[in-house]
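Here is the structure we will look at.
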Amino acid sequence: MKEKPNKHGIIDDQSIEDQNTDTEDWPSSPAHRNLEGRGKPKWYEMLPYEDFAPHLPQLRYVRGSKAKFSITTFQEINDLCQEIFEKNKSFFRFRVQVDLLAHYIGTKILEHLYVTKRGLPKNKLAQLLEEREKQFAIWDRMKTVKEIFASLCEKRIEGFVSEDEFEAEIGDYIATFDTEIDRMKMAQIVDILLERKAMEKAKDRTRKRFERTQEAKEKGIKAVK
């Protein structure tokens, strides 16, 4: 029988035995399977979440070149991703964002184990993107605020919020950015959107005026401005 490396890249007899016995204690219900194997600790409970969790990127948007792939996963993992999405809809707008972040975190852990710790060179583009993660996270937040602002504009037009409430909401969202530079950038984005909305209204008024004029000409009467 050909020997196979275990999950840490080391070949030993115990790893081969584990491959044959890991599934012995799995019950018929997949919700209670121990995917780590019989008698093995749950590795994910050992991670220092308080140290790295605050630094995780949001990854709400995929930038640059993209790749699609399809996998078959454990039902309980799929159910967990759905639960994460259902209970955090204020953060994840779509279920696919949960899957994207899970794939990213898992891949970075594997990279650390199988590339970095082995002294192998990193992909230069991946390394550059990693260095830019903090800036990408800020841009993600700006894009989110931009989308919220667009929704607020509609609510303002429809009368659901007053002008004072509208300005207060925007001020609160801008204030969530830590640096003065980022707050100014966000304020400029809001100003541009406001100008764009004003232009759209002006264009709409011009279009309607033109349509009334054309309609009046067809009826042979003078249009009322």
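The values are calculated or read from the model by the stated rules, or taken from the named source; none is laboratory data. The shown structure was predicted, so the numbers you read here are calculated from the model rather than taken from an experiment. Heads up, the Cβs are rebuilt from the backbone with ideal geometry, glycines too, and the neighbour counts pull from every protein chain shown.
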Failed item in (1) more than 18 Å from Glu130 (Cβ to Cβ); (2) at pLDDT 90 or above, with Gly37 passing the rest: (2)
Return yes or no: is Arg60 in the same structural domain as Leu35 (by TED's automatic domain parsing), within 20 Å of Phe177 (Cβ to Cβ) and surrounded by 14 or more Cβ atoms within 10 Å (Cβ to Cβ)? yes
From Leu129, Leu152, residue being within 22 Å of the chain's Cα centre (by Cα) and more than 27 Å from Ala53 (Cα to Cα): Leu152
